[in-house]
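Below is one structure; the comments refer to it alone.
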Amino acid sequence: MRITDTADLWWKTAVVYCLDVETFLDWNDDGTGDLAGLAQRIDYLADLGVTCLWLMPFYPTPERDDGYDITDFYGVDPRLGTHGDLVEAIRTAHDRGLRVIVDLVVNHTSDQHPWFVEARSSKESRYRDWYVWVDEPPAGKQPEPVFPDQENSVWTLDEQTGQYYLHHFYRHQPDLNVTNPEVRDEIARIVGFWLALGVSGFRVDAVPFFIDPLGEPSGALPDPHEVVRHLRAFLNRRTGDAILLGEVNVPYEQQLEFFGGSEGGELTLQFDFITMQNMYLALARQDAAPLAKALQERPAIPPECQWGTFVRNHDELTLDKLSESERQEVFDAFGPEKRMQVFGRGLIRRLPPMLDGDPDRIRMVYSLLFTLPGTPVLFYGEEIGMGENLDIGDRNSVRTPMQWTSGPGAGFSIAEDLTAPVVTGRFGPEQVNVQAQRADPDSLLTFVKLLISRYRNSPELGWGEFAVLDQPHPAVFAHRVTWEDETLVALHNFAAEKVSVPLDLGDSVRNCDLIDLLGDQNTTVDDRGRLEVELGRYGYRWLRVARPGSRRLL
Ligand code: GLC
């Protein structure tokens, strides 16, 4: 592998940081975060070490789904700033070596989008066919709406024109008709527009729903995946190294199809929802087996593609791919109260409260995240261990203002009225904030910085071949990634009991030194390729095999 390949395929070893401009930093004191505030914090993000920012939707919106209901795909929500402010923020990011990707939410629009307003005005409207209309909901079993607490069908009757329109999400989010070539052209224009302003790609919302031709005559879209293939080809004609990071929460075999099979050519990256869910099951059981199984079942993907690994995102912590009893185990362990759960499938908490603030255990989870094969994606505030505000309710519980200082408004804003309430209590700004942690060498922030630095110095984590290592302790997850001449061994203890883990690393590393990447406990493999590694309560180790002549420092 040449340096040009590793640098060009930047997403293979990126560290992505997701943030909502609205809740990050308020620079004009109106209680809402803004692009000027984001620009002010680019140095913080560069210092943290992340390499790519993912901006959640910043488009004009009636805010009925926190900005995922858009009324102008080419616009900037005036509360957050202007196109000029956005370009300044992107330019500042580039100057500090950070890329920026943005949410592409084209499965649906807001019902207040001028296209839909026009479309529903009459059956003859010029935009009628931009949405999906039927006289009667199709016979046969229809998909469940994604938000079953509010919707009981994906079809809603439009009184004025007497037809039903499709919406996989809320009824105020009508689905666009992807079988219509005009719609596909418009989406390409949207993509081209933001690329021209300097973004490095898109986090693509709800991809399986987006390409589902439900409600259209059969044959309207002979190969739905062609939509993604064309979009990707267009994207990379315009900007060669831009990416599509897809939200595709489906079984692994289907995810492979969204990469474009073994040939690639569709999504560049996809979030690994299955590993994420099984990680929580493993945490709940204090048994690493579910995590190991998920990773072992993960299909091989084309070399230029990548998995996005994560602990928490902005939505509910979905457990939809676990069995009912497994899901119940996770609920019992981490969100036993009904108010902590949503949609019957997920939790609305962040990690630290779920782990009762246990610093060892929280660190173990982030250490694990950064050693999993893939590109780690952080949600803002994870680096300092923010909690949630359950009083807000639903998915918004985790979308509270970033906690910069212990002051009023968490240093997010000096306004009286904030766009969202801050976290209160044990994980509130008095206890958890950037300013205090920046000054503390033992803080979570300092630790996450170390993880990011080591991850970035260990390209094998993004590129390497992954294998689970056999060892006798069920609570321990031991794995190895190998890439070219580099091997990294990582161990994570899911239980509170200390253990001593015997490992057999094989002949090829006999007598090699193992460099402790997170501390100073270097060790050596014996002349049979074996060693014993001690792990404390919820302990973790990253060990790099130093082969004779290896030039890697850390
Ligand atoms: C995705 C987003 C979610 C949003 C939904 C509808 O699942 O992650 O936040 O509500 O799409 O756009």
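Bear in mind these aren't lab numbers, they're just calculated from the coordinates by the rules spelled out. As the structure is a computational prediction, the values presented were derived from the model and not from experiment. Glycine also receives a Cβ, built like all others from the backbone with ideal geometry; neighbour counts cover every protein chain displayed.
Observations on the structure shown:
- Residues (within 14 Å of the ligand (Cβ to nearest atom) and touching a helix residue (DSSP H, G or I) at 6+ places or on another chain (Cβ under 7 Å)) located in region 46-57: LEU55
- When restricted to residues that are aliphatic (A, V, I, L, M) and part of a strand (DSSP E or B), region 454-487 contains 5.
- Every condition in (1) in contact with a Phe, Trp or Tyr (Cβ under 8 Å, 6 or more places away or on another chain); (2) in a helix (DSSP H, G or I) is met by ARG312 except one, and the failing one is (2).
- The residue that is surrounded by the most Cβ atoms within 10 Å (Cβ to Cβ), counting only those in region 164-218 that are on the phi > 0 side of the Ramachandran plot and more than 16 Å from the ligand (Cβ to nearest atom), is GLY201.
- Against the test of being closer than 21 Å to TYR17 by Cβ, within 16 Å of the ligand (Cβ to nearest atom), touching an Asp or Glu at 6+ places or on another chain (Cβ under 9 Å) and of a type outside the set (A, V, I, L, M, F, W, C), the options ARG350, ARG345 yield a single qualifying residue, ARG350.
- In region 353-411, the residues that are at positive phi and within 16 Å of the ligand (Cβ to nearest atom): GLY393, ASP394
- From GLU88, GLU22, residue being away from the ligand (no atom under 16 Å from the Cβ) and either in contact with a Cys (Cβ under 8 Å, 6 or more places away or on another chain) or acidic (Asp, Glu) (or both): GLU88
- Count of region 312-329 residues, restricted to those that are more than 16 Å from the ligand (Cβ to nearest atom) and either within 28 Å of VAL204 (Cα to Cα) or among the aromatic types (Phe, Trp, Tyr) (or both), is 3.
- Scan of region 352-381 for residues that are touching a Pro at 6+ places or on another chain (Cβ under 6 Å) and closer than 13 Å to TRP307 by Cα, ordered by number: LEU369, PHE370
- ARG349 touching a Leu at 6+ places or on another chain (Cβ under 8 Å), closer than 27 Å to ASP66 by Cα and in a loop (DSSP other than H, G, I, E, B): yes
- So ARG312, is it surrounded by 19 or more Cβ atoms within 10 Å (Cβ to Cβ), within 16 Å of the chain's Cα centre (by Cα) and not hydrophobic (A, V, I, L, M, F, W, C): yes
- Every pair of residues 6+ apart whose Cβ atoms lie under 6 Å, when the first sits in region 129-151 and is among the aliphatic types (A, V, I, L, M) while the second is more than 16 Å from the ligand (Cβ to nearest atom): VAL132/ASN177; VAL132/GLY215; VAL134/TYR164; VAL134/GLY215
- Scanning region 349-400 for residues that are among the aliphatic types (A, V, I, L, M), free of Cβ contacts under 8 Å to residues at least 40 places away in the same chain and surrounded by fewer than 24 Cβ atoms within 10 Å (Cβ to Cβ) yields one hit, ILE392.
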